[in-house]
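The values are calculated or read from the model by the stated rules, or taken from the named source; none is laboratory data. As the structure is a computational prediction, the values presented were derived from the model and not from experiment. Because the Cβ atoms are built from the backbone with ideal geometry, glycine has one as well, and the counts that use them run over all protein chains shown.
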Amino acid sequence: MSEVSGALIGGRYRLLELIGRGGMGRVWRGRDETLGREVAVKQVTLPQGVSDEDRDVLLRRVMREARAAARLNHPGIITVHDVVEHEGAPVIVMEYATGMSLAAAVEHDGHLRIRRVAAIGALMLKALGQAHAAGIVHRDLKPDNVLLMDDRVIITDFGIAHMSDATMALTHSGTLIGTPAYMAPEQLEGRPPTPATDLWSLGATLYTAVEGQPPFAAETFTALCIAIVTQELRTPERAGPLAPVLTALLAKDPSQRATAEQALAALDAVARGAEATRVSLPQTPVPTAVVPPGQGPVPPGFGAPPVPFAPPQPLVAPSPGAVAGAPAPVRGPQLSTALLVRAVGCFALVWVGALVLWDHEIRPFWHGIPRELLITGVAAVAALVNTAIRPKRPAAPVWLLFVAANFVLLFGVNVIFPVWAWMGIIVNALLLGSCCWGLWWLMQGRLRVQGRRNR
């Protein structure tokens, strides 16, 4: 595919902007000329140095798996609209999602809050359950392949997923597909991927989100693979009540790994803020293979019927400090630059508004308190209010939210301490709300672009 904006793919998909590039290909923002909608166009890059015969096999395999992914219909899975061939390479046309990636969110915030990570994990599990029931294992789940879009958590890149009922492996030539830091030990050992493989990758992804770093790290590719297969999991420091379920998902033996239902129960409990709640795990085994479509019933979130094994221990979601002598988890949220600038700017704007729109008939003291001290207090409260507002799109209602919040705040202050006349309240509310909204909008746009580039 030529990296030229305006190229037409498959006779209907116009390339508009290159938004991402990675080991598995390039992603463009495009437009479906037939339906007039924006789409994401991904060209899958086939391995270099393969024969023409092997290339044809790989092309057919990727096309087949992408069509299989197109059968999935779930809000937590990116929708595949079409699969075409262009210049000898497969092209997957998908839903165009504007949210930032989980990787970008972690990079921006350092790490995410415990309950938010638990909620993200629960939504991811529900999406994976539908894929596994259809006989599809993702096999490359990682923060870059998870999009956060409003209330949706979307898993992408099912187009290169492994169909467990296939008779020919995509990597038959020995090429490793996947990101080692998030690949399960059995996957690195060359064993066929199963739903349990995705559960390990889910655990590694959630570990990264809450801790701010992957569960295993090393200086070289080989050392990283060895660490994942042989070394003990690094003890989580920030995970708190998430630690038990992360440990269960990252068990090296797939047969001892938490099942989808067990993990979902634990994640839901943490997301609800349950304290000192014992999550009873169903005594069911982890599947070791996926049942191909049409070969019997498949429970949601699982693959093959159960095979007896030694069940994992029940997970416990303890309250902070519930374990005697255990160190308290580090939860200090990192104040982002955007929020700091918003708070400082809001504080300054209150003072500017007070000086410019000051009613000089008001005495310089109110019940013995200098007006400057009162204005400083109002500025501090306004800064806290505007910093606490963490809205989502769309933009117009968010602007109204900022303006309304500042109007209510200034009106309430004016009832007690009459600093401004009515016009002063309105102008200050518009000024504060619009400025803070503008900063929020600019930061959202920057993060969306960063999220696309990290995909």
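General remarks:
- The residue list Gly121, Gly88 contains one member that is out of contact with any Gly (no Cβ under 6 Å at 6 or more places or on another chain) and on the phi > 0 side of the Ramachandran plot, which is Gly88.
Results for (1) of a type outside the set (S, T, N, Q); (2) at pLDDT 95 or above; (3) not assigned by TED's automatic domain parsing to the domain that holds Thr45, shown as yes or no for each residue.
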residue	(1), (2), (3)
Trp200	yes, yes, yes
Val210	yes, yes, yes
Thr222	no, no, yes
Ile226	yes, no, yes
Thr247	no, yes, yes
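- Scoring Gly22 on the criteria (1) modelled with pLDDT of 80 or more; (2) touching a helix residue (DSSP H, G or I) at 6+ places or on another chain (Cβ under 9 Å) leaves a single failure, condition (1).
- For Thr205, the conditions (1) crowded, with 20+ Cβ neighbours inside 10 Å; (2) among the β-branched types (Val, Ile, Thr); (3) at pLDDT below 95 all hold with the exception of (3).
Matching residues to (1) of a type in the set (Ser, Thr, Tyr); (2) surrounded by 18 or more Cβ atoms within 10 Å (Cβ to Cβ); (3) over 24 Å from Ile389 (Cα atoms); (4) modelled with pLDDT under 65:
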{"position": "Val419", "(1), (2), (3), (4)": "no, yes, yes, yes"}
{"position": "Trp422", "(1), (2), (3), (4)": "no, no, yes, no"}
{"position": "Val427", "(1), (2), (3), (4)": "no, no, no, no"}
{"position": "Leu431", "(1), (2), (3), (4)": "no, yes, no, no"}
{"position": "Ser434", "(1), (2), (3), (4)": "yes, no, no, no"}
{"position": "Leu442", "(1), (2), (3), (4)": "no, no, no, no"}
{"position": "Gly445", "(1), (2), (3), (4)": "no, no, no, yes"}
